[in-house]
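Colleague: Pasting in a structure now, in structure tokens, and then I'll have a few things to ask.
The values are calculated or read from the model by the stated rules, or taken from the named source; none is laboratory data. A quick note: this is a predicted structure, and the numbers were derived from the prediction, not measured. Neighbour counts run over all protein chains shown; Cβ positions are idealised from the backbone, glycine included. The accessibility values were calculated without ligands, DNA or RNA, using every heavy atom of the protein model including side chains. Shrake-Rupley method; radii C 1.70, N 1.55, O 1.52, S 1.80 Å.
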Amino acid sequence: MTRKEYLLTQIQDFGRRIFGVFPAQYPREILWAHNILPVEIWDPPLALESAKSHLQPYICSVVQGGLELLLSGKAAFLDGLLFPHTCDSIQNAASLVNDYLSLNIPCYFFQHPRAPYRESSRKYYLAQLKALDSALGKIYGPADPGELAERVAQGQNISDLLQKIYGLREKGRLASSNLDFYETVRQGEYLWPDDFGSKLESFLDLPRKDAEPDRIRIILSGVLPAPRGLLGLLDDLGVGITGDDLLSCSRRLLPSPTFQINDPWADLGQDYFSLPPCSTKNSSIGDRLRYLLRLIKKGRAKGVLFNTVKFCEPELFDLPNLRAGLRERGIPSLAVETEVGEPLSGALKTRVEAFVEMIG
């Protein structure tokens with residue numbers, strides 16, 4: 001079943017509403033409680049045509065691809081759009097779609113606080129959560145408090161399952177290729193939580209393998225585990241990704257294990273403020289470097305591959321200092337830039353192969 005077929009089934013069989021969500025961090029549990037299925041817009045497989053006339057050529061391809069999806073009419077079945085304030089490019093795209101383009105799709109906005117966090121940050125985040133819930137309630141009716149509590153608990157269960165999967169990979173026990181791993185994890189970008197939870201449980205039930213002591217291990221950092229050709233190349237070279245520092249994956253999906261407060265609003269706040277550091281949340285270079293070093297140590301990695309989406313300013317601002325910090329500690333790294341939807345170039349393939357040969 002294709003993604004679109006799945007979404008249409010959710011509409012027809014379950015009466016769910018479908019929201020397109022731009023990257024990256026947002027309170028998905030609130031949407032679930034309103035019977036809304038969030039579908040994240042990261043890298044739709046579309047050639048850029050209409051979006052070019054609305055955006056400068058130096059805007060990142062995640063934003064360009066998302067706007068192309070909306071302008072192409074392929075997302076006409078969406079009931080709404082949610083724009084988190086992840087970066088200036090997405091914020092500007094939100095203004096463009098909401099204020100200037102006549103797409104007739106309701107737009108909602110979510111602004112999360114930036115580090116360094118204070119008590120006022122927690123109050124602000126709680127206010128943002130309740131403002132989104134209220135805005136949805138005005139259109140679709142208020143969410144049942146019991147339903148919200150159930151969905152928050154379900155979100156925490158999904159995070160627990162992901163923690164277990166990441167932990168097995170870290171130990172080299174997961175019988176899965178890099179490509180299969182990320183294809184599974186990324187299905188959470190559009191699956192209803194019941195279906196995604198079942199998918200993760202099935203993935204955990206796969207046979208285990210013995211750890212391979214001689215395998216080359218790396219950490220993958222950046223925005224997306226893409227293009228597919230990059231993951232396939234690492235598989236062909238026998239390289240295992242033992243941990244990641246990806247905006248689309250660990251930085252927003254793996255909060256530190258915390259006890260449940262049994263207040264859904266407080267639980268949502270606790271999860272957010274325990275997430276790993278991230279360039280889009282103004283985390284310090286020191287925090288990000290320490291996080292990378294922990295991943296390297298736990299996964300026994302030999303180097304870090306920074307895979308940055310071209311023109312992604314938050315990532316590019318941090319990249320030189322992160323690489324310098326790793327270099328001072330004798331940890332090699334490679335930085336590459338890729339365009340969403342573009343195949344792996346021969347030159348980039350050669351650079352990755354040379355990096356793997358060096359650290360191996």
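Colleague: What nm distance separates the two modelled labels at residue 287 and residue 144, each placed 7 Å from Cα along Cα→Cβ?
Modeller: Inter-label distance under the simple model: 3.7 nm.
Colleague: Return one whole number: the accessible area per residue of the chain in Å², for a 1.4 Å probe. Show your work: numbers first, answer last.
Modeller: Values: 16180 Å² over 360 residues.
With all protein chains present, the chain gives 45 Å² per residue.
Colleague: Ordering 9, 350, 338 by how much accessible area each has at a 1.4 Å probe, largest first, what is the list? Could the numbers behind the result be given before it?
Modeller: Numbers: 9 40, 350 85, 338 15 Å².
Final ranking, largest accessible area leading: 350, 9, 338.
Colleague: With every protein chain left in place, what is the accessible area of residue 158 in Å² (1.4 Å probe, nearest 10)?
Modeller: The accessible area comes out at roughly 0 Å².
Colleague: Considering the dipole of the chain built from charges on the beta carbon (Lys and Arg +1, Asp and Glu -1) around the Cα centre, which of 163, 213, 275 is farthest to its positive end?
Modeller: Of 163, 213, 275, it is 213.
Colleague: Taking a probe of 1.4 angstrom, what is the accessible area of residue 123 in Å², to the nearest 10?
Modeller: 140 Å²
Colleague: Aspartates and glutamates near residue 199 by alpha-carbon distance under 15 Å, same-chain residues fewer than 8 away left out - which ones?
Modeller: Candidates past the 8-residue exclusion: 160, 180, 183, 189.
Colleague: Which one of 241, 254, 354 has its Cα pushed farthest toward the positive end of the charge dipole of the chain, where Lys and Arg give +1 and Asp and Glu give -1 at the Cβ?
Modeller: Result: 354, furthest along the dipole toward the positive end.
Colleague: Describe numerically, in nm with one decimal, the distance between label points set 7 Å from Cα along Cα→Cβ at residue 313 and at residue 153.
Modeller: Inter-label distance under the simple model: 4.4 nm.
Colleague: Suppose R0 equals 22 Å. What FRET efficiency, 1/(1 + (r/R0)^6) with r the Cβ-Cβ distance, do residue 235 and residue 198 give to the nearest 0.05? Present the calculation step by step, with values, prior to reporting the outcome.
Modeller: On the way: r = 26 Å, r/R0 = 1.17.
Result of the calculation: an efficiency of 0.30.
Colleague: Counting Lys and Arg as +1 and Asp and Glu as -1, what is the net charge of the other residues whose Cβ lies under 13 Å from the Cβ of residue 59?
Modeller: Charge balance near residue 59 sits at -2.
Colleague: Testing the spin-label approximation: label points 7 Å from Cα along Cα→Cβ at residue 228 and residue 263. State their distance in nm.
Modeller: 4.7 nm
Colleague: On to the next question. Rank these residues by their accessible area, most exposed first, probe 1.4 Å: 42, 265.
Modeller: On the way: 42 5, 265 50 Å².
From most exposed to least exposed: 265, 42.
Colleague: Taking the DSSP beta bridges in the chain as the whole, what percent of them are antiparallel, to the nearest 5?
Modeller: So the antiparallel bridges amount to about 5 percent of the total.
Colleague: On full extension of the chain, what length is gained from residue 118 through residue 164, given 0.36 nm per residue of separation minus the C-alpha to C-alpha distance?
Modeller: On the way: separation 46, 0.36 × 46 = 16.56 nm, distance 3.03 nm.
Answer, rounded to one decimal: 13.5 nm.
Colleague: Could I ask something else about it? Over segment 55-157, what is the mean sequence separation of C-alpha contacts under 8 Å (at least six apart), divided by residue count, expressed as relative contact order in percent?
Modeller: Working: 65 pairs, mean separation 19.6, N = 103.
Relative contact order, segment 55-157: 19 percent.
Colleague: Grab the alpha carbons of segment 290-356, take their convex hull, and tell me the volume per residue in Å³.
Modeller: Working: hull volume 6.8 nm³, N = 67.
Dividing the Cα hull volume of segment 290-356 by its residue count gives 101 Å³.
Colleague: Per residue of the chain, what 222 nm ellipticity follows from adding -39500 (n - 2.57) for every DSSP H run with n ≥ 4, rounded to the nearest 500? Walk me through the numbers on the way to the answer.
Modeller: Values: 14 runs with 173 residues, N = 360.
Rounded to the nearest 500, the figure is -15000 deg cm²/dmol.
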